[in-house]
């Protein structure tokens, strides 16, 4: 199949590209490589797949040096003309939309970026799917849609109409827009509500990366709500495998419109997570206990029954094992970066 993966320089997107290539698919990766966080990490993820920074040109295809089946284009989802041209040229069978402006706190500081990327950009993806006979769209949603009013564990049929951040509101908007395009145009849409994904080459704006970096450098970490938070930390390989299980076994007889939780279903107390980081790297964290940050939630906890029943999803990587792998990657990455 010919597959478009947006957000291909991102954490989850880059891992999905590798998994799809391993299965023998042809893949086009798309990313605007914005500077929300250090672009060196984004270019490193692309390099892992054979796309070298020096070969990338705006709006032009670059072929991977590691696989002729992988090509990358630097393009923004909000570029409607560029997106139309791409879809017309490529005749994609499936689109996997992982591109988004991420982060809760940043949505308070820069709301326009979220509307542009997560709403306008997603509309362009939907319109391109509609006009170019793409049958299936998998897209990233978020556990943040559950807000603060849901019972735990979070079930997909729980109410999600009380978001506490603009980021969450844009993700809920994506789900509603996908539903409309399914109803009107018969597009199969599968939304994935991710729960705190971490691991090698993970996002540097998220707690696992921030905490590990600060602990190793002897810097203070801010612990929100005085550590009284629980997160459903999910290792990247479990996420990738879950998405691939959906991809490999998607029913094709009739169009679907589904939303799935994808997480480990074992919330970890934030303080325990920090202690595992300390034990793994052999250094103590310097902690500053602070109040809750705006837009945050006390607990995330995925009920993944629906994903298990439909696709057999069963995550396998413990927090201890996941952090060990993340730590080993981080040491290698920082050593090569400093030496380079």
- [ ] Quick one: in segment 132-146, of everything that is surrounded by fewer than 21 Cβ atoms within 10 Å (Cβ to Cβ) and out of contact with any strand residue (DSSP E or B) (no Cβ under 7 Å at 6 or more places or on another chain), which residue is modelled with the lowest pLDDT?
- [x] 133
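Out of the residues in segment 181-213 meeting the condition of being part of a helix (DSSP H, G or I) and over 23 Å from the mean Cα position of the chain (by Cα), tell me which one is surrounded by the most Cβ atoms within 10 Å (Cβ to Cβ). Give the derivation first.
Initial filter on segment 181-213 (part of a helix (DSSP H, G or I)): 181-185, 207-213.
Pick out the ones that are also over 23 Å from the mean Cα position of the chain (by Cα) and you get 183-185.
Working: 183: 12, 184: 9, 185: 14.
For segment 181-213, the residue satisfying everything is 185.
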TODO: Could you list, in sequence order, all residues of segment 34-55 that are buried (at least 18 other Cβ atoms within 10 Å of the Cβ) and either within 21 Å of residue 90 (Cα to Cα) or over 21 Å from the mean Cα position of the chain (by Cα) (or both)?
DONE: 46, 49, 51
TODO: Just give me the residues in segment 212-231 being within 21 Å of residue 317 (Cα to Cα) and modelled with pLDDT of 95 or more, in sequence order.
DONE: 212
- [ ] Could you please tell me which pairs satisfy a Cβ distance under 8 Å, a separation of 6+ or placement on different chains, a first residue in segment 37-64 that is at positive phi, and a second residue that is in a helix (DSSP H, G or I) and at pLDDT 95 or above?
- [x] 59/82
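Quick grid of which residues meet (1) under 30 Å from residue 294 (Cβ atoms); (2) surrounded by 20 or more Cβ atoms within 10 Å (Cβ to Cβ); (3) over 16 Å from the mean Cα position of the chain (by Cα):
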{"position": "5", "(1), (2), (3)": "no, yes, no"}
{"position": "13", "(1), (2), (3)": "yes, yes, no"}
{"position": "67", "(1), (2), (3)": "no, no, yes"}
{"position": "86", "(1), (2), (3)": "no, yes, yes"}
{"position": "108", "(1), (2), (3)": "yes, no, yes"}
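Here's a check for you: in segment 69-83, which residue that is free of Cβ contacts under 8 Å to residues at least 60 places away in the same chain and in contact with a strand residue (DSSP E or B) (Cβ under 6 Å, 6 or more places away or on another chain) is surrounded by the most Cβ atoms within 10 Å (Cβ to Cβ)? If you could, list the steps in order and put the result at the bottom.
The first filter runs over segment 69-83 and keeps only residues free of Cβ contacts under 8 Å to residues at least 60 places away in the same chain, leaving 69-71, 73-76, 78-83.
Filter once more, so that each one left must be in contact with a strand residue (DSSP E or B) (Cβ under 6 Å, 6 or more places away or on another chain): 69-71, 73-75.
On the way: 69: 15, 70: 24, 71: 17, 73: 20, 74: 21, 75: 22.
This residue is 70.
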TODO: Only residues that are surrounded by fewer than 19 Cβ atoms within 10 Å (Cβ to Cβ), out of contact with any helix residue (DSSP H, G or I) (no Cβ under 6 Å at 6 or more places or on another chain) and part of a helix (DSSP H, G or I): list them for segment 222-240, please.
DONE: 224, 225, 226, 237
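The values are calculated or read from the model by the stated rules, or taken from the named source; none is laboratory data. This one's a predicted model, so the numbers in the text were calculated from it and none came from an experiment. Every residue, glycine as well, gets a Cβ built from its backbone with ideal geometry; the counts of neighbours run over all protein chains shown.
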